[in-house]
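*Asks:* Take a look at this one; I'll ask things after.
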Amino acid sequence: MNASNQSGASAERGADERLTEKQARDRLWFTVHSWLGLKLSLLMSFILATGTIAVFSYEIDWLLNPEMRATERVAGNGVAWGAAFDNMRREYPEYRPLNLARFQDNWFALQMLARSPGGELVRVWFNPADGAALGMTSFFNMQRLFRELHRHLMLPLHIGIPLVTVLAFPLLISLIAGFVVYKKFWRGLFKWPRFGRKPRIWNGDLHRLLGLWGSWFIALIAITSLWYLVEELGGRAPSLPAAAGEMADRDAALPQQLDGAAIDLALQNARRELPGLEPGRILFPGNAGAPLTIHGELSAMLVRPRANGVHIDPASGDVLGSYRGEELDSHTRISEASDPLHFGYFGGVWSKLLWFILGLMMTAMSVTGVWINAARLKRSWLVAATFSPADFRRSA
């Protein structure tokens, strides 16, 4: 009988020890989750908020600058690329064209990125239907503002990018800790916050609900951020394929015979080289030995438009080589997928809208997490303030 009792007591002690260890482990994860959220709250909230706004930063510029608005929507072969180039040469003869690009949505004008005689970068806008010049704006705009704030906090790139992207580690750790602490989390997927209770309670409910529904998005943002860190630390993908053919000799980056008709011929040859290509950007050569390159959308999924390209001899219009997104190596495909996944523009305005909403959710999670921890700290301070020396002696 004594042996049986001792065995039972030993089993109970073992269970208690296991429970204590489990409670200690959960407490550790909870402390990590709270500490990361509190210590990094301001920086994390700022980066999340600027990244969320950056999703629609081009659209903000479109609202602020009438020069960016197309007067008529056109698609495919209806875009007046050549006429826009001719009008650029006519209206701004002293400016050097760098690239001519079309935005994903057809209510945007064509954008010519150019350099002024004084070396300033500017954006010149043209109507896609007829190539008519619509005006000029500064290179630095709302898109650049939020892009640079979010990407590197306007610090030097070699400092700002690692500083921002390294936050992916605490973001992932905090995500994992949240699931460890929140037992049977699936039960909370449809548990509405108790807004009728104290702010600390409904903030906690809201924080958990947003975290559950946005967990996959948090993981995606963290993983793509880690990839940006890898690239910054030397893991960049190889350069995209270069021109393979020989170019005709020329003395200048842009030959004299390069006009709108030559641009349209180059586009025609590019479409013949890559059937189905939807041109999105024309890169003009920067020196006499460089080709004219046409990028655009084709059949590859989750890649930047530059993943499909055709190199053209700007003097003759001949094709010098091409590449498709499907033909790129795995390293490059991962690199090309990072931006569409991080900023959500792979599906046009609807995917960007979803990413914007999810970005707001992440920002709200950061803010509510700070609120929860601030309320917890305030409560502990109040307890400490009412803890008298006599209480201390009794507790000792």
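*Asks:* Restricting the range 135-173 to residues that are within 24 Å of TYR92 (Cα to Cα) and among the aromatic types (Phe, Trp, Tyr), which is surrounded by the most Cβ atoms within 10 Å (Cβ to Cβ)?
*Replies:* Among them, the one singled out is PHE139.
*Asks:* Right, here's the next one. Residue under question is GLY178, and the condition is that it be at pLDDT below 85, outside any helix (DSSP H, G or I) and among the small types (Gly, Ala, Ser); does it hold?
*Replies:* no
*Asks:* Does LEU149 satisfy the condition of being within 30 Å of LEU40 (Cβ to Cβ), touching a residue at least 60 places away in the same chain (Cβ under 8 Å) and among the aliphatic types (A, V, I, L, M)?
*Replies:* Yes, satisfied.
*Asks:* Turning to a different aspect of this structure: Going through LEU48, LEU36 one at a time, which residue ends up being part of a helix (DSSP H, G or I), modelled with pLDDT under 70 and under 25 Å from LEU153 (Cα atoms)?
*Replies:* Within the list LEU48, LEU36, the selection yields LEU36.
*Asks:* Limited to the range 101-117, what total is found for residues that are under 21 Å from the mean Cα position of the chain (by Cα) and either at positive phi or assigned to a strand (DSSP E or B) (or both)?
*Replies:* 2
*Asks:* Report yes if some residue within the range 80-90 is part of a loop (DSSP other than H, G, I, E, B) and either modelled with pLDDT of 85 or more or not hydroxyl-bearing (Ser, Thr, Tyr) (or both); otherwise report no.
*Replies:* Initial filter on the range 80-90 (part of a loop (DSSP other than H, G, I, E, B)): 80.
Cutting the leftovers down to either modelled with pLDDT of 85 or more or not hydroxyl-bearing (Ser, Thr, Tyr) (or both) gives us 80.
Yes - at least one qualifying residue is present in the range 80-90.
*Asks:* Then there is this: Just one of the numbered conditions (1) modelled with pLDDT of 80 or more; (2) surrounded by fewer than 18 Cβ atoms within 10 Å (Cβ to Cβ) is not true of VAL55; which one?
*Replies:* Of the numbered conditions (1) modelled with pLDDT of 80 or more; (2) surrounded by fewer than 18 Cβ atoms within 10 Å (Cβ to Cβ), the odd one out for VAL55 is (2).
*Asks:* Consider MET154 against the criteria (1) over 26 Å from LEU298 (Cα atoms); (2) hydrophobic (A, V, I, L, M, F, W, C); (3) in contact with a Gly (Cβ under 8 Å, 6 or more places away or on another chain); (4) part of a strand (DSSP E or B): it satisfies all of them except one. Which criterion is unmet?
*Replies:* (4)
*Asks:* Among (1) outside the structural domain of GLY131 (by TED's automatic domain parsing); (2) of a type outside the set (Lys, Arg); (3) out of contact with any Ser or Thr (no Cβ under 9 Å at 6 or more places or on another chain), where does ASP61 come up short?
*Replies:* (3)
*Asks:* So, one more: What number of residues within the range 257-285 are in a loop (DSSP other than H, G, I, E, B) and touching a residue at least 40 places away in the same chain (Cβ under 8 Å)?
*Replies:* Final tally of qualifying residues: 5.
*Asks:* Return the residues of the range 182-221 that are aliphatic (A, V, I, L, M), in contact (Cβ under 8 Å) with a residue 24 or more places away in the chain and part of a helix (DSSP H, G or I); say none if nothing qualifies.
*Replies:* LEU206, LEU210, LEU212, ILE218, ALA219, LEU220, ILE221 - these are the residues of the range 182-221 that are aliphatic (A, V, I, L, M), in contact (Cβ under 8 Å) with a residue 24 or more places away in the chain and part of a helix (DSSP H, G or I).
*Asks:* Going by what's in this entry, would ARG144 be described as in contact with a Ser or Thr (Cβ under 6 Å, 6 or more places away or on another chain) and modelled with pLDDT of 95 or more?
*Replies:* Details: in contact with a Ser or Thr (Cβ under 6 Å, 6 or more places away or on another chain): no; modelled with pLDDT of 95 or more: yes.
For ARG144, the condition - in contact with a Ser or Thr (Cβ under 6 Å, 6 or more places away or on another chain) and modelled with pLDDT of 95 or more - is not met.
*Asks:* Quick one: count up the residues across the range 71-98 that are surrounded by 16 or more Cβ atoms within 10 Å (Cβ to Cβ) and farther than 26 Å from LEU254 by Cβ.
*Replies:* The qualifying residues number 0.
The values are calculated or read from the model by the stated rules, or taken from the named source; none is laboratory data. The model shown is predicted, which means the values in this text are computed figures rather than measured ones. For neighbour counting, all protein chains shown are included, and Cβ atoms are generated from backbone atoms with ideal geometry for every residue, glycine included.
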